[in-house]
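Following: one structure in structure tokens, then a few remarks.
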Amino acid sequence: MPQQGDTAGEAKRRRLSRADNPLVRAVARLPARVHVKLLVAFVGTALLVVGVGLLGLRLLGQANERVETIGTLQDRAFGYGKLRSDALHVRLLLSDNVAGDFVESLGAKDLTTGPGTLAVDQAIANAVAEIPSTTFPDILGFVPPPEDERFLRRIRGTATELSTVMQEIIRFPPGEVPASLRTRSERLAVDLNQLATELANASAARSDALIAQSASAYASSRNLFVGVAAGAIVLALLLGFVLSWSLIGPIQRIDSRLAAIASGDFSGHVDVANRDELGALAVNVNRMNDELQRLYKEVETASKHKSEFLANMSHELRTPLNAIIGFSQVLREGISGEVNAKQHEYLDDILTSANHLLALINDVLDLSKVEAGQVELQIARFSLQDALERGVSMVREQATQDGVQVTLHANGSLDVVMGDERRIRQVIFNLLSNAVKFAPAGGQVDVDATRFNGEVTVSVADTGPGIAAEDLDRIFEQFQQTEVGASQPEGTGLGLALSKRFVEMHGGRIWCESELGKGSRFVFTLPAGTT
Ligand code: ADP
């Protein structure tokens, strides 16, 4: 039983193996453009249809000719049949086997006189006299073939001779006709009858033979038509199969290669035998693959150097910074001796600037790491409520100093979510410190969090200066600040860019709803599955 997992792969392999068919590859290798190949296929199929149609018409014509011939034979059979029946009745009359209706049909008036009487002899003489003329085409209604002409000539001769004998007979008074004349007339009547019968039989035999031949000709025509039509269908299907796979095969190969390139695999080349547009496309895909591979290696190397540089620099910068911060604190505490008010003030300035520089270095380092793909989220369950409370307490002192009131509205329903706690806290702190920073004295900051359909939404709203509509997207890019933002003593334009990266790494979204002069509301979501 086939494994479920490999059915898709199997199907793909089967599809590609169709394109590996030698016939398909041969068509693919033809040095012609795709539209020429398609044109040839369509014209070829149309020609096959026309060919089958012409053959059908020809076979129909032949069948029609056979029907006409059989019609002619029927006319001939009728004509010869009449000749034979005339001859038969003359013979019967002369041999004393009179058929009354026949004598009547011959126009004999006095039937009571019976055979051998003058009236009957006269009627027979008249009938026989007409027989020669009935052997000519205008009376027969058709032109007899040469082989029948021989019989017709003999019938004409015999009938003429019998007519002469009958004329002699009727010159004698009834009962005095010499027996030799009667005998001769009877012999001639028998000959006449025999000739007419032979002619009718020969014609009937030829008709039968032709009908039989016509039936077999119909059968072979039908077989020929069915064979040619079936052959044409098979040929058209074969043409369609070969041509379509010579195009689909390369497209599938190019598609798989592009999918591999898209997923960062530059290790292979697409193998397309086509010498048409698809072949050219495959060559370009391979060139693109090589070029991308080269660029990717360069980018990898550059990124590695950048990371190394940043790691070294941050170490080099942080070490003296930490020393500056540490020793400034020591000096300010007066541990190494009394400092006067002026010195205290300078030390505060040093500490503020050094902390600001340290925060900036940390942000730059974080952003570089995210961009180099070196930040991996430490996903675990944590309390969002706690994270929000800690964020609020971290900005509380600054808010109190600035006369801003910060309120957390979220209730305990948001206890546990899944995510990287440190990064989410960074996002919350950044939004809160911005809100406090931009809210005026006596202003208000409201933090809210809700859960809907498993998705968690956190919002930080302030009563600050607000943001113009055209800046709402831009502020999430690195080093982008509004005019108000740039005029603030603190601020680097990196906090929102970092927040956006962290939220998106979690699969969430972040945006800002604001209007100039009406405060701002920053919102981010953590998708379903994070709870
Ligand atoms: P920074 O605050 O360090 O300048 P951010 O990336 O956090 O950098 O913010 C970028 C810019 O967005 C700020 O400089 C400011 O112009 C604007 N901004 C951010 N938060 C607010 C807010 N709550 N009210 C008004 N403007 C804001």
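Across segment 203-219, rounded Karplus estimates of 3J(HN,Hα) from the backbone phi angles (6.51 cos²θ - 1.76 cosθ + 1.60, θ = phi - 60°) give 5, 4, 4, 5, 4, 4, 4, 5, 5, 4, 5, 5, 4, 6, 5, 4, 4 Hz, Gly and Pro being marked x.
Normalised Debye scattering of segment 391-475 at q = 0.18, 0.23, 0.24 Å⁻¹ gives log10 I(q)/I(0) of -0.85, -1.17, -1.21, counting only Cα atoms as equal scatterers and leaving out solvent.
Bridgeable lysines around Lys82 (alpha carbons under 27 Å apart, same-chain partners fewer than 8 residues away excluded): Lys109. Working from label points 7 Å from Cα in the Cα-to-Cβ sense, the Ala262 to Ser85 distance is 9.0 nm. Measuring from a point 7 Å past the Cα of Lys369 along Cα-to-C-beta, which residues in segment 412-433 have an amide N at less than 11 Å? Flagged as within label range: 423. Each 10 Å bin from zero up to the one holding the largest Cα-Cα distance in segment 217-317 carries the following percent of pairs: 13, 23, 17, 14, 12, 9, 5, 3, 2, 1, 0. Solvent-free Debye calculation, one equal scatterer per alpha-carbon of segment 107-261: log10 I(q)/I(0) at 0.09, 0.12, 0.16, 0.17 Å⁻¹ equals -0.56, -0.74, -0.98, -1.03. Quick one: angle between helix 7-19 and the longest Cα principal axis of the chain, in degrees between 0 and 90, rounded to 10, please. With rounding to tens, the tilt is 50 degrees.
Under the Kirkwood approximation for Rh and a Cα-based Rg, what ratio Rg/Rh is obtained for segment 334-419?
When Rh is taken as the Kirkwood radius, the ratio is 1.12.
Convex hull over the Cα atoms of the chain, averaged projected area in nm²? So the Cα hull casts an average projection of 54.0 nm². Put simply, segment 323-376 fits an ellipsoid with semi-axes of 34, 10, 5 Å; these come from the alpha carbon gyration tensor as the roots of five times its eigenvalues, largest first.
If R0 is taken as 35 Å, the Cβ-Cβ distance between Glu376 and Ala469 corresponds to a FRET efficiency of 0.45. Rounded to the nearest whole angstrom, the semi-axes of the ellipsoid equivalent to segment 419-531, taken from the Cα gyration tensor as √(5λ), stand at 23, 15, 12, largest first.
Helix 341-371 and the long axis of the chain differ in direction by around 20°, with both axes built from C-alpha atoms. Considering segment 429-474 at the alpha-carbon level, its Rg and Dmax are found to be 12.6, 38 Å. A Förster radius of 25 Å, combined with the Cβ-Cβ distance separating Arg390 from Gln478, puts the computed FRET efficiency at roughly 0.40. In segment 152-236, the convex hull through the Cα atoms has an average projected area of 7.7 nm², a quarter of its surface area. Annotation: amide H of Val445 within the under-5 Å range of Gln405, Val406, Thr407, sequence separation 5 or more or interchain, hydrogens built in the peptide plane.
Once both axes come from the Cα atoms, what is the angle between helix 146-171 and the longest principal axis of the chain, in degrees from 0 to 90, rounded to 10? For 146-171 against the chain, the angle is about 30 degrees. Eigen-decomposition of the gyration tensor built on the alpha-carbon atoms of segment 254-385 gives equivalent ellipsoid semi-axes of 56, 17, 10 angstrom, largest listed first.
Quick note: the coordinates plus some simple rules give every number you see, no bench work behind them. Everything quoted here is computed from the prediction, not taken from an experiment. Positions of Cβ are backbone-derived with ideal geometry, glycine not excepted, and every protein chain shown enters the neighbour counts.
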